Amino acid sequence: MQTILGANGQIGEELARALKRNFTSDIRIVSRGAKKVNDTDEVFSADLSIREKAIEAVEGSEIAYFTLGLPISSDLWEKQFPLIVRNVIDACKINRTKLVFFDNTYMYPQDDRVLTEETIFDPVGRKGKVRREMAEMVLKEMQSGELEAVICRAPEFYGPGKTQSITNTLIFNNIKEGKKLKVPLSDAKMRSLIWTPDASSATALIGNTPDAFGQTWHLPVDGSHPTYKQFIGLASEVYGKRLKYSVVPKFIFKIGAMFNKSVKELQELLPRYEYHNVFDDSKFRKRFPDFEVTTYRKGMELIRDEQSSFRK
């Protein structure tokens, strides 16, 4: 049995498909309102902030994948995330279950340095500090030898379906709606984005590779690291039309934060758009040389085709 905790977001759903496709049909889907992804899935609805429910959710599992997300709210993150991670860690230890912890880059410094698995944690803002606390909880258990675990870390998403990210919101959603595209702060900084199905497939692969445990892995990205100007230029080629965009300066976000809670919650994430944000996946590529990474062009073509099918 392999169990996905927080399974009905984009990463969890793609992970369920990847596990079914490549590794096992014995999959348990866990979330507050759990729904099958594959026909063969077992579903278990649970609030993982309740310790007993977390233990029950993991029971009988060889591997548990933590892919749970929460709405972008610092108050909610501080209250819920450390509690849930503690419960999941305890549940895995009690059930002798391996933990695959899906992570992001919020705890990293937001400057020009290339991000590797060895980059120090130096978060900006409350959400980054919560993600640091979560990662350190898992690392501490790994280092103690009391929990067999692995951390899979991904940069900002882009992708199909219900993928949620700043890039999807400001670029691809606006293309779909025929609106002018928007770029936060700068169109001249290099960026690393991960195709969400690649993130999930790579996580499934790591979870089913015994010698990958006890480590942190950066998940694979297209290594071209384009600027937003280059990214939108490529999208213009893919969509067959010139896509116009504007760069939104910091002061506009500050004004927006006064009137919109969602914009306010994004403030601490903005510094990463002022600098190059390059994500080094060379460790993964060396260990898994046969993994086929989706290029930006291919990803854009798939998003374009999906959007076209919705309009029909």
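The values are calculated or read from the model by the stated rules, or taken from the named source; none is laboratory data. Predicted model only: the values in this text are computed from it and were never measured. Note that we place each Cβ from the backbone using ideal geometry, even for glycine, and neighbour counts take in every protein chain shown.
Below is a table of values for the structure above.
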| item | result |
| --- | --- |
| From 203, 196, 167, 227, residue being under 15 Å from the mean Cα position of the chain (by Cα) and over 21 Å from residue 306 (Cβ atoms) | 203 |
| Failed condition for residue 238, given (1) in contact with a strand residue (DSSP E or B) (Cβ under 8 Å, 6 or more places away or on another chain); (2) surrounded by 16 or more Cβ atoms within 10 Å (Cβ to Cβ); (3) of a type outside the set (Asp, Glu) | (1) |
| Pair list, Cβ < 9 Å and 6+ apart or interchain, from region 172-187 residues that are among the aliphatic types (A, V, I, L, M) to residues that are surrounded by fewer than 13 Cβ atoms within 10 Å (Cβ to Cβ) | 181/244; 181/246; 183/246; 185/249 |
| Residue among 229, 244, 176 that is modelled with pLDDT under 95 and basic (Lys, Arg) | 176 |
| Residue check, residue 43 outside any loop (DSSP other than H, G, I, E, B) and closer than 25 Å to residue 131 by Cα | no |
| Members of region 9-40 that are under 22 Å from the mean Cα position of the chain (by Cα), in contact (Cβ under 8 Å) with a residue 24 or more places away in the chain and surrounded by fewer than 22 Cβ atoms within 10 Å (Cβ to Cβ) | 9, 17, 18, 22, 23, 33, 34, 35, 37 |
| Residue match in region 205-215 (condition: within 22 Å of residue 300 (Cα to Cα), surrounded by fewer than 24 Cβ atoms within 10 Å (Cβ to Cβ) and either in contact (Cβ under 8 Å) with a residue 12 or more places away in the chain or out of contact with any Phe, Trp or Tyr (no Cβ under 6 Å at 6 or more places or on another chain) (or both)) | no |
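Yes/no per residue for (1) exposed (fewer than 15 other Cβ atoms within 10 Å of the Cβ); (2) in contact with a strand residue (DSSP E or B) (Cβ under 7 Å, 6 or more places away or on another chain); (3) outside the structural domain of residue 208 (by TED's automatic domain parsing):
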residue	(1), (2), (3)
101	no, yes, no
111	yes, no, no
118	yes, no, no
130	no, no, no
133	no, no, no
140	yes, no, no
147	no, yes, no
150	no, yes, no
